[in-house]
Amino acid sequence: MAEALWKKTFGPDTPSTSCGVSPAGYPDGFMVSVMSEIGIDLSRFGCRTLDEVADAPCELVICLAAEAEPDAKALARARGAQYQRWQVSDPAMQEGHHGERLEAFRISRDAIAARIERFARERRA
């Protein structure tokens with residue numbers, strides 16, 4: 001979600017790559033649904049690991065998951081990139097019925113989008 005939301009804010013050609021701590025081999029159906037609600041199709045999104053993106057150029061590493069923080073910080077240090085930690089709940093950890101899980105993904109989507117918008121405003125200031 002973060003990569004797509006970043007590109008929605010800064011433009012589709014803006015370099016941006018996201019990855020997961022333990023990504024599934026396929027896009028999460030809840031993620032696909034909530035992103036579709038805002039006009040973004042992630043049905044063919046390829047989930048990646050940190051190792052798969054470690055060689056990509058980067059100026060900024062943003063960590064959303066607490067369990068990824070040590071590796072994300074190490075990547076930022078190794079690449080000479082700025083590091084930021086944004087606290088966002090992992091919606092995949094939400095238990096409950098379909099509606100509860102879908103709402104957890106909406107909350108995370110909206111939290112990431114709001115944080116990206118704040119970052120964009122700060123950058124323009």
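The values are calculated or read from the model by the stated rules, or taken from the named source; none is laboratory data. Since we're looking at a predicted model, the values are computed, not measured. Reconstructed Cβ throughout: ideal geometry from the backbone, glycine too, with neighbour counts over all protein chains shown.
For this structure, a couple of remarks:
- Restricted to helices (runs of 4 or more DSSP H) entirely inside region 13-125, those with at least 3 residues that are modelled with pLDDT of 95 or more and β-branched (Val, Ile, Thr) are 98-124.
- Scanning region 84-112 for residues that are more than 14 Å from Gly29 (Cα to Cα) and of a type in the set (Gly, Ala, Ser) turns up Ser89, Gly96, Ser108, Ala111.
Matching residues to (1) over 15 Å from the mean Cα position of the chain (by Cα); (2) over 15 Å from Trp6 (Cβ atoms):
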| position | (1), (2) |
| --- | --- |
| Cys47 | no, yes |
| Pro70 | yes, yes |
| Val88 | no, no |
| Arg121 | yes, no |
| Arg124 | yes, yes |
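- Region 93-125, residues that are over 28 Å from Pro57 (Cα atoms), of a type in the set (A, V, I, L, M, F, W, C) and surrounded by 13 or more Cβ atoms within 10 Å (Cβ to Cβ): Leu102, Ala104, Phe105, Ile107
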